[in-house]
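The values are calculated or read from the model by the stated rules, or taken from the named source; none is laboratory data. Treat the numbers as computed from the prediction; the structure is a model and nothing was measured. Positions of Cβ are backbone-derived with ideal geometry, glycine not excepted, and every protein chain shown enters the neighbour counts. Ligands, DNA and RNA are stripped out before the accessible areas are found, and what is left, the full protein with its side chains, is counted by its heavy atoms. Shrake-Rupley method; radii C 1.70, N 1.55, O 1.52, S 1.80 Å.
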Amino acid sequence: MNLIILGPPGAGKGTQAKKIAKKYNIQHVSTGDIFRETSKSGSDLGKKLQSYMSSGALVPDDLVVEIVKERIVRPDCQKGFLLDGFPRTLVQAENLDKVLLKENRKIDKALSLDLSEEEVVSRLSSRRVCKSCGANYNLITQPPKNGEICDNCSGELVQRADDNPETIKQRLKVYRDQTEPLIEYYSKTKILVKIDGAKSINEVFKNICAVIEEK
Ligand code: AP5
C-alpha cells in the first residue's frame, strides 16, 4: 500500500504519518525530516536547505524530486510507503506519477487533512520538538509531563526554526499557492480522501484507518 498525506503546515501530517506507518507496517518518508536531518550536517547542501526552510519557501522541485526518487526505490519502501510533505507542487506530483509508472506501482490513497488557518497558527506556535530524539509535543494539545523536557529521553524541547509567526504566515501562503492545487489533481484520479484534521489525534487516526481499510 502506497499513501500520500497532504495538508497545510501543522495539520497533523507527521503525527498521523507515524501512527499509520506503525499500524500498517509501511515506510514513513518525510521530506521535511530528511531536509532537517541533512541541514544538521552543516554541509553546503545542508545550509542551502536550511535557508529555504527558515524563510518558509519550498526547496526547488528538481532537488526534492531527485531525493524522493532515490528514497522510494530503496528496499524498505518495497513493502509500501507513506509520503509526508511530498508532493507539494504539481511538478512534484507529475514526477512522482512517472517514477511509479516505470516501476509498475501507484498511489492508493491521498489523505488530505483539513485545518483552518487559525488552528494552524495556534498548533505551530505551541509545537515543541525534542532536540535529541525528535519526538513531537504541543504545549496545549499534547504537553510533555515535566515542563519542557522530553518524556522519552529527557532531551531538551525546542521550537522549530520555522515555527515563528512570520515564517508560519509565509508557509501558509506557499501552501495556498503551490500545494492546494494538488487537491484538485488527486480528486481527478479519485484517490483523494478529505479528513477533518481539527478532531483529536485519536479521532483523526480512527477516521484515517477507516478510509484505508474500506473495500
Ligand atoms: P515539513 O516538515 O513537511 O513541514 P509542514 O508541511 O509545514 O508540516 P509540519 O511538519 O509543520 O506539520 P505537520 O502537518 O506534520 O503537523 P504535526 O504533526 O507536526 O516541511 C518543512 C519545510 O521543508 C517546508 O517549509 C519546505 O521548506 C521544506 N520542504 C519539505 N517538503 C518539501 C517538498 N516536497 N518540496 C519543497 N520543499 C519541501 O503537528 C503540528 C502540531 O500540532 C504538533 O505540536 C502536534 O503535537 C499537534 N497536533 C497534531 N495533530 C493534532 C490534533 N489532531 N489535535 C491537536 N493537536 C495536534
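Overview of values
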quantity: So LYS40, is it out of contact with any Pro (no Cβ under 8 Å at 6 or more places or on another chain), closer than 21 Å to PRO9 by Cβ and either modelled with pLDDT under 95 or polar (S, T, N, Q) (or both); calculated: yes
quantity: Failed condition for ASN152, given (1) outside any helix (DSSP H, G or I); (2) within 12 Å of the ligand (Cβ to nearest atom); calculated: (2)
quantity: Search result, residues across the range 72-84 that are in a helix (DSSP H, G or I), open to solvent by 30 Å² or more (accessible area, probe 1.4 Å) and touching a residue at least 40 places away in the same chain (Cβ under 8 Å); calculated: ASP76
quantity: Qualifying residue in the range 49-58 (condition: part of a helix (DSSP H, G or I), of a type outside the set (D, E, K, R) and near the ligand (Cβ under 7 Å from one of its atoms)); calculated: yes
quantity: In the range 1-37, the residues that are within 10 Å of ASP84 (Cβ to Cβ), more than 9 Å from the ligand (Cβ to nearest atom) and part of a helix (DSSP H, G or I); calculated: ILE20, ALA21
quantity: Scope the range 130-156; condition crowded, with 16+ Cβ neighbours inside 10 Å, in contact (Cβ under 8 Å) with a residue 24 or more places away in the chain and more than 20 Å from ALA11 (Cα to Cα); matching residues; calculated: GLY155
quantity: Flag for ALA161 being exposed (fewer than 15 other Cβ atoms within 10 Å of the Cβ), touching a residue at least 24 places away in the same chain (Cβ under 8 Å) and within 14 Å of the ligand (Cβ to nearest atom); calculated: yes
quantity: Test for SER132: is it assigned to a loop (DSSP other than H, G, I, E, B) and at positive phi; calculated: no
quantity: Leading residue by the ranking (surrounded by the most Cβ atoms within 10 Å (Cβ to Cβ)) among those in the range 1-35 that are basic (Lys, Arg) and under 12 Å from the mean Cα position of the chain (by Cα); calculated: LYS13
quantity: Considering residues of the range 98-127 that are part of a loop (DSSP other than H, G, I, E, B) and under 18 Å from VAL204 (Cα atoms) only, the residue farthest from the chain's Cα centre (by Cα); calculated: SER116
quantity: Residue tally, condition in contact (Cβ under 8 Å) with a residue 40 or more places away in the chain and open to solvent by less than 40 Å² (accessible area, probe 1.4 Å), over the range 88-122; calculated: 10
quantity: Test: residue in the range 167-186 that is assigned to a strand (DSSP E or B), more than 9 Å from the ligand (Cβ to nearest atom) and either among the small types (Gly, Ala, Ser) or more than 22 Å from LEU96 (Cβ to Cβ) (or both); calculated: no
